[in-house]
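Take a look at this one; I'll ask things after.
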Amino acid sequence: MAAPADIFRQGLALHQRGRLAEAQALYRQVLARDPRHFDSLHLLGLCLVQGGETGRGAEQIRRALAIRSDFPEAHYNLGNALLTLGQPGEALASFETALKLKPDDAQYRLEAGNALKELKRSDEAIAQYDHALRLDPRSAEAFNNRGIALKDAGRPAEAVESLDAAIALRPAYAEAHSNRGNALKELGRPDEALACHDRAIALRPDHAEAHYNRANLLGEMKRLDAALASYDTALRLRPDYAEARHNKSLLLLAAGRLEEGFALYGSRWNSPSFTGSRLATELPAWDGRPGAGRLLLWPEQGIGDEILHASLLSLLPSEGLAVTVAADRRLGPVYRRSFPHLAVIDSDDLQPPLAGRFDAQAAMGDLGALLGVEPARLASRRMPFLVADAARREALRAAHPFLRDGPVCGLSWKSANKKFGAEKSLRLIDLAPLLATPGVSFVNLQYGDVADEIEEVRRALGVAVNQAQGLDVFNDIDGLLALVDCCDAVLTTSNVTAHLAGALARPGVVVVPTGKGSLWYWQGGVNDLWYPSLQRIAQERAGQWQAAIAAAVASTRELL
């Protein structure tokens, strides 16, 4: 009988030749005779990972490390497995252990950077890539991944330089060409970006991510059919590509093709870029038909999206349904007044078990698909769909003369969105051309601490942007709704104020970004359908507000 050492060497030779199943069998023979044989445990785990059994492989490597914890390559291989499993935090811990044992390994530094990149810790990822490049200046992969991290950190020009370096080292590096296109898109250079994606696809036609990146860019360029075709190619190459399916749904929705878009919108739950939270519940999903009994509708995204989807509540079937809407606590008073036939609860009260309280459930964002919403059906909603508190509105007018004198223009100019609030925001002083309009009473609808901006306008322009005393427009949405209802017109960026104005059917103008921060429901193909009282004015180019502000000012003046 061959000795375990000889069997192990045979297994290793087969492993190195890519004959994974035969190598595994030999490693298992060794382990049957010596269950604590470290190298067999470690390499059996690696074989499993390489063969697509990543979870089982990671467990085998952990067993090996329980026997011998000072072998850096095992920590590194475990880290790669955990990254594949979508566990970047645990992967980072493994890479950091490997680096403590072997700090000058460029590949370990590279993978630690990859884990940090997945964790959205871009600056730390860049530092790891820089260290890797000091150790190996010819690592095209490190330059490529550094470029991605630089773009994610809001440094697209530096990202292009890093990706150029990757391509110089490896001219046929398809991923680097497509990533360069993403960075150029951030710089507002769409034609060059498209050429990069096309080059990536020419080098590697089966690269699903390049087709996906190309589709995203074409969507921003308003080339709808070409964008949809690229999404379809990405999905043909990778049928489980949830992010491509989700973005395709958003593009269809933005184009006003609501039935097609909502049919795909459920893919958002599997998309890494989607930030909504799914309700953990044992309740069956509602199928959209009457007669479901006690139905729970729950929110999944921010308060603006809650309001948007609440516009569909008037389309719910009335037969055999007792509907309860869970909502942000700030919306409770508004919803109870606006939808008196529905029960309204605080979303913080959605604690299990729910089975005794409800018979079925659905996310508010799924109502479009469940109710078969298309343009004609959307137009049949009750509008306005929110109702302001008339007593509070009149009390505000009585307490504040500026709400009674001349036309009243409400202003909101910032977004607190953590992901792309900066792209959606203006400075109050940017609205100087409107603020110079004589005879208009301006009212602050903006949440947050904006006293300095209001003072800046007063000093620079001699114009008062009035505030309703004692009203917390962030926490008191019911009060904000009453204040919006006092306005003859509203000028706002893409934030909760825009949704409230649209829900009240108040005349208004919404200025929105192009590219990053551009949400599907503010697009030209659907905005007129969703909020008919609001005019949408978008940047002509990403990051350039001047022309959009000028157009918004002119439109707002016409409303006053």
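The values are calculated or read from the model by the stated rules, or taken from the named source; none is laboratory data. As the structure is a prediction and not an experimental result, all values here were calculated from the model. We place every Cβ from the backbone using ideal geometry, glycine too, and count neighbours over all the protein chains shown. With ligands, DNA and RNA removed, areas are computed over all heavy atoms of the protein, side chains included. Shrake-Rupley method; radii C 1.70, N 1.55, O 1.52, S 1.80 Å.
Once you place label points 7 Å from the Cα toward the Cβ at residue 192 and residue 459, how far apart are they in nm?
3.9
Still on this structure, I have one more. Once you have a ≥ b ≥ c as the square roots of the Cα gyration tensor eigenvalues for the range 164-252, tell me rounded if a/c is under 1.5, and otherwise prolate or oblate according to whether a/b is larger than b/c. Each step should come with its number before you reach the end.
On the way: a/c = 2.27, a/b = 1.38, b/c = 1.64.
Oblate is the answer for the range 164-252, as a/c is 1.5 or above yet b/c matches or exceeds a/b.
If you line up the long axis of helix 20-33 against the longest principal axis of the chain, both from Cα atoms, how many degrees apart are they, to the nearest 10?
Approximately 70 degrees, to the nearest 10.
What is the range 53-109 by shape, rounded, prolate or oblate, if you read a ≥ b ≥ c off the alpha carbon gyration tensor as root eigenvalues and call it rounded for a/c under 1.5, prolate for a/b larger than b/c, and oblate otherwise?
Because a/c hits 1.5 or more and a/b fails to exceed b/c, the range 53-109 counts as oblate.
Where the eigenvalues come from the Cα gyration tensor of the range 1-142, what are the semi-axes √(5λ) of the equivalent ellipsoid, largest first, in whole Å?
Details: eigenvalues 182, 42, 36 Å².
Taking √(5λ) for each eigenvalue gives 30, 14, 13 Å, largest first.
Just flag the GluC sites (Glu not before Pro) in the range 192-286 sitting in loop per DSSP whose Cβ has no more than 12 other Cβ atoms within 10 Å.
282
If you don't mind, another one. Rank these residues by their accessible area, most exposed first, probe 1.4 Å: 90, 455.
Numbers: 90 95, 455 60 Å².
Largest accessible area first, the list is 90, 455.
In percent, how large is the relative contact order of the range 30-99, given Cα pairs closer than 8 Å and 6 or more residues apart?
That works out to 25 percent.
Further question on the same structure: In what sequence, largest accessible area first, do 275, 324 appear using a 1.4 Å probe? Mind dumping the intermediate values first?
On the way: 275 115, 324 20 Å².
Greatest to least solvent exposure: 275, 324.
Among the lysines, which fall within straight-line cross-link reach of residue 424, defined as a Cα-Cα distance under 16 Å, with same-chain neighbours fewer than 8 residues apart omitted?
414, 516
Placing unit charges on C-beta atoms (Lys and Arg positive, Asp and Glu negative, everything else neutral), compute the dipole magnitude of the range 177-332 about its Cα centre in debye, rounded to 20.
On the way: 19 positive and 20 negative charges, 45 e Å.
That gives the range 177-332 a dipole magnitude of about 220 debye.
OK, next. Towards the positive end of the charge dipole of the chain, with charges on Cβ (+1 Lys, Arg; -1 Asp, Glu), say which of 446, 433, 156 has the farthest Cα.
In the chain, that residue is 156.
Quick one: pull the percentage of alpha-carbon pairs in the range 418-560 with a separation above 27 Å.
Tail of the P(r) past 27 Å holds 15 percent of the pairs.
Continuing with the same structure: Averaged across orientations, what area in nm² does the convex hull of the alpha carbons in the range 340-481 project?
Averaged projected area of the range 340-481's Cα convex hull equals 12.9 nm².
So, one more: What is the gain in length, in nm to one decimal, between residue 355 and residue 22 on full extension, counting 0.36 nm per residue of separation less the C-alpha to C-alpha distance? Present the calculation step by step, with values, prior to reporting the outcome.
Values: separation 333, 0.36 × 333 = 119.88 nm, distance 5.05 nm.
Difference between extended and current length: 114.8 nm.
Moving on to the next point. Where the accessible area of the range 368-484 is counted over protein heavy atoms with a 1.4 Å probe, how much of it, in %, is carbon and sulfur? Intermediate values should be presented prior to the final figure.
Working: 2860 of 5320 Å².
In the range 368-484, the share of accessible area belonging to carbon and sulfur is 54 percent.
Bin by bin, in steps of 5 Å, what percent of the Cα pairs in the range 1-56 do you find, going until the bin that has the longest distance?
Here the calculated profile for the range 1-56 is 4, 24, 34, 23, 11, 3, 0.
Additional query: May I have the convex hull volume per residue, in Å³, for the Cα set of the range 174-312? Intermediate values should be presented prior to the final figure.
On the way: hull volume 18.6 nm³, N = 139.
Roughly 134 Å³ of hull volume per residue.
Follow-up. Please give the residues of the range 350-373, grouped as numeric ranges, whose backbone N is less than 16 Å from a label point set 7 Å along the Cα-to-Cβ vector of residue 269.
Residues passing the 16 Å test: 360-371.
Run the simple label-point estimate for residue 222 and residue 337 please: 7 Å along Cα→C-beta, distance reported in nm.
With each label point 7 Å from Cα toward Cβ, the separation is 3.9 nm.
May I ask you to derive the relative contact order of the range 93-167, considering only C-alpha pairs under 8 Å and at least 6 residues apart, and to give it as an integer percent? The partial results should precede the final answer.
On the way: 93 pairs, mean separation 18.3, N = 75.
The value is 24 percent.
Here is a follow-up. First compute the accessible area of the range 1-154 with a 1.4 Å probe, then give the percent of it belonging to carbon and sulfur atoms.
48
Still on this structure, please answer the following. What FRET efficiency comes out for the pair residue 550/residue 449, r = Cβ-Cβ distance, R0 = 30 Å, nearest 0.05?
For residue 550 and residue 449, the calculated efficiency is 0.60.
Would you compute, from DSSP H runs of 4+ residues alone, the mean residue ellipticity of the chain at 222 nm, taking -39500 (n - 2.57) per run and dividing by the full residue count, rounded to the nearest 500?
Counting only the DSSP helices, I get -16000 deg cm²/dmol.
As an exercise, use a Förster radius of 60 Å and the Cβ-Cβ distance of residue 474 and residue 101 to find the FRET efficiency, rounded to the nearest 0.05.
0.75
Measuring with a 1.4 Å probe in the full set of protein chains, what accessible area per residue, in whole Å², belongs to the range 475-545?
Per residue, the range 475-545 has an accessible area of 26 Å².
Any idea how far apart residue 395 and residue 541 come out in nm if each label point goes 7 Å out from Cα toward Cβ?
That separation, rounded to one decimal, is 5.0 nm.
Here is a follow-up. What is the P(r) of the range 61-171, as percent of Cα-Cα pairs per 5 Å bin from 0?
Distribution as computed: 2, 15, 22, 22, 18, 12, 6, 2, 1, 0 percent.
Based only on Cα atoms, what Rg/Rh ratio does the chain have, Rh being taken as Kirkwood's radius?
On the way: Rg = 28.3 Å, Rh = 26.9 Å.
Using Cα coordinates only, the ratio equals 1.05.
When ligands, DNA and RNA are left out and all protein chains stay put, how many square angstrom of accessible area per residue does the range 379-420 have with a 1.4 Å probe?
That works out to 51 Å² per residue.
Sticking with this one: Given a 1.4 Å probe and the protein chains all in place, what does the accessible area of residue 348 round to, in Å² to the nearest 10?
100
Give the relative contact order (percent, whole number) for the range 260-406; include only Cα pairs under 8 Å separated by 6+ residues.
31
Hey, another quick one. Specify which residue in the list 176, 281, 216 is farthest towards the positive end of the charge dipole of the range 170-312, using unit charges on the beta carbon of Lys, Arg (+1) and Asp, Glu (-1), about the Cα centre.
176
A further question on this structure: For a test of the definition: using alpha carbon positions, the gyration tensor, and the 1.5 limit on a/c, classify the range 379-454 as rounded, prolate or oblate. Walk me through the numbers on the way to the answer.
Working: a/c = 1.78, a/b = 1.13, b/c = 1.57.
The shape class here is oblate.
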